[in-house]
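Quick note: the coordinates plus some simple rules give every number you see, no bench work behind them. Nothing here was measured: the structure is a model prediction, and the numbers come from that model. All Cβ positions, even for glycine, are placed from backbone atoms using ideal geometry, and neighbour counts span all protein chains on display.
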Amino acid sequence: MTLDYRSLLLALGVSAACLMVTLFGTWFSRRSDSFLLTLVVSLCLIVAGIIVYSFFTAQSGLAPLAIAYALMMSGFSAINAASVQFRSGGSPWRLAGMLSFICLALGMPLILVGLDGLGLIIMNVLTAILLVGTGCQYWAARREAPGPLLGMVILYCVSGFSFALCAGVLIADGRSSLGEPPINWAENLNIGICIAGMTGIGSLSLALHQWRMAALHRHEAMTDALTGLVNRRALFDQFGGKRLNASTAVIVFDIDRFKSINDRFGHSFGDEVLKLFAQDLLAEMVPAGAVARLGGEEFAMVVSEVMPGRAERIANSVRMRFAARDIVIDGKRLRCTVSGGVSVGIPEGQPFETVLNLADGALYDAKDAGRDRVEIASYLRSIAPAPDSRTSA
Ligand code: GH3
Ligand code: MG
Ligand code: MG
């Protein structure tokens, strides 16, 4: 029976070690998800704890139990901290250190004075709490990747429950000093669940990482790297094919004589100007709206749920805010202007693409009229395009 238990312990140690290597490899290939690294450190501590615990099962003694206790409780604390790190970011080490300290303070003195039975009860109870707590963290984050996260919640809670069972059997046994490792049905069940749970949690952690990477790539594909605004593709994903009614407008902006800014001050100066303009757009954005960089120095704003005339006022606010900016970069100073074109949907609805094209036409009217101004698209042009149906702002 003892041999069986030790074989299971060995299997647990080997599966934990393999998992540790896999997680480390995954983290190393793209060092973004640092909760994986925290899991690697946790597993490292747990594997070391399992090895020392197997010495304890072979020849008893308080020293190996105390060391195994310290290693395993630190490992489980780090697993819990990894889940907090996954959910809310930040460094996990402070929390891991704090939890480890509490666990050591609660159980270690009992083991050291020979109350190993009580120490093991505390160890099992604390592990159950840490694992169920870990499950709760993933539960709270379940929206991000429902499949893998719900799987992880179940596995952590079932593993936690199996530690609680071990504690229950030891409590029922009623001995505060054992003098030997506990071997009973709950311990065997616990180790079996841990082997299965460890493998499952490992593969789900990898799935979670892949899920995050895919979401990150999707986000990158939709975001303009320079300004952080959504890009043309994302704007069309959101509004393409939709019909805009009279309370929705599209405003298109184009920075005036931007090429000459690049020529006079350099491309990186131009980049900074683009970022500043993006800030001005965001500052004027309405709650139900979107701001995108269409490309180059062209931007679009969709304003929804607004009263007539509001879009034009917003466009002019952006224009004036930008014109009033004293742009100073690396000691170089300039003022810069922008032109805008506004087009509003119609009561019976008009395709987004049409409204955008009309706004674009109005923008070129603004350029023709001398720049640093906003022009409104004529509704008549959407029915019969006419080159001289221009309406001034
Ligand atoms: P207009 O007033 O008629 O709009 O004149 P413009 O010079 O702004 O227009 P034009 O389209 O000739 O120039 C746009 C310039 O924007 C050309 C291109 O080099 C520059 N540009 C496009 N993308 C970027 C970018 O990401 N960064 C920088 N710095 N410049 C860019
Ligand atoms: Mg321009
Ligand atoms: Mg342009």
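Projecting the Cα positions of VAL40, PHE56, LEU110 onto the charge dipole of the chain (unit charges on Cβ atoms of Lys, Arg, Asp and Glu, taken about the Cα centre) puts VAL40 furthest along the positive direction. Be a star and scan the range 109-126 for residues whose amide nitrogen sits under 16 Å from the point 7 Å along the Cα-to-Cβ vector of ASN184. Those under the cut-off are 116-126.
Once you have the Cα-Cα distance between LYS275 and ARG335, take 0.36 nm times their residue separation minus that, and quote the gain in nm to one decimal. Don't skip to the answer; put the middle values down first.
Working: separation 60, 0.36 × 60 = 21.60 nm, distance 1.45 nm.
That pair, LYS275 and ARG335, stretches by 20.1 nm at full extension.
List the trypsin sites (Lys or Arg not before Pro) within the range 136-176 that fall in a DSSP loop (any state other than H, G, I, E or B) and whose Cβ has at most 11 other Cβ atoms within 10 Å. Walk me through the intermediate numbers first.
Values: sites: ARG142, ARG143, ARG175; in loops: ARG142, ARG143, ARG175.
The qualifying sites are ARG143.
Please get the size of the charge dipole for the chain, origin at its Cα centre, with Cβ charges of +1 on Lys and Arg and -1 on Asp and Glu, quoted in debye to the nearest 20. Here the chain has a charge dipole of around 440 debye. In the chain, taking the dipole from charged Cβ atoms about the Cα centre, the farthest positive-side position among LEU334, ILE191, SER15 is held by LEU334. Electrostatic bookkeeping for ILE171 treats Lys and Arg as +1 and Asp and Glu as -1; over the other residues with beta carbon under 15 Å from its beta carbon, the sum is -2.
Sites listed here are trypsin sites (Lys or Arg not before Pro) in the range 1-60 whose DSSP assignment is loop and whose Cβ has at most 13 other Cβ atoms within 10 Å: ARG30, ARG31. Centroid-to-centroid, using Cα positions, the range 1-65 and the range 353-369 are 65 Å apart. Across the range 142-157, computed HN-Hα scalar couplings (Karplus, 6.51 cos²θ - 1.76 cosθ + 1.60, θ = phi - 60°) run 4, 4, 4, 8, x, x, x, 6, 5, x, 5, 4, 4, 5, 5, 5 Hz from first to last residue, x flagging Gly and Pro. Taking 19 Å as the straight-line reach from the Cα of LYS367, the lysines in range (excluding those fewer than 8 positions away in the same chain) are LYS259. Among CYS136, CYS166, the ranking by other beta carbons within 10 Å of each residue's beta carbon, starting with the fewest, stands as CYS136, CYS166. Using only Cα coordinates, the Kirkwood hydrodynamic radius of the chain works out to 25.4 Å.
Computed over neighbours whose Cβ is under 9 Å from that of VAL342, the net charge equals -2, Lys and Arg +1, Asp and Glu -1.
With each run of n ≥ 4 DSSP H residues scored as -39500 (n - 2.57), what mean residue ellipticity at 222 nm is computed for the chain after dividing by its residue count and rounding to the nearest 500 deg cm²/dmol?
-23000 deg cm²/dmol
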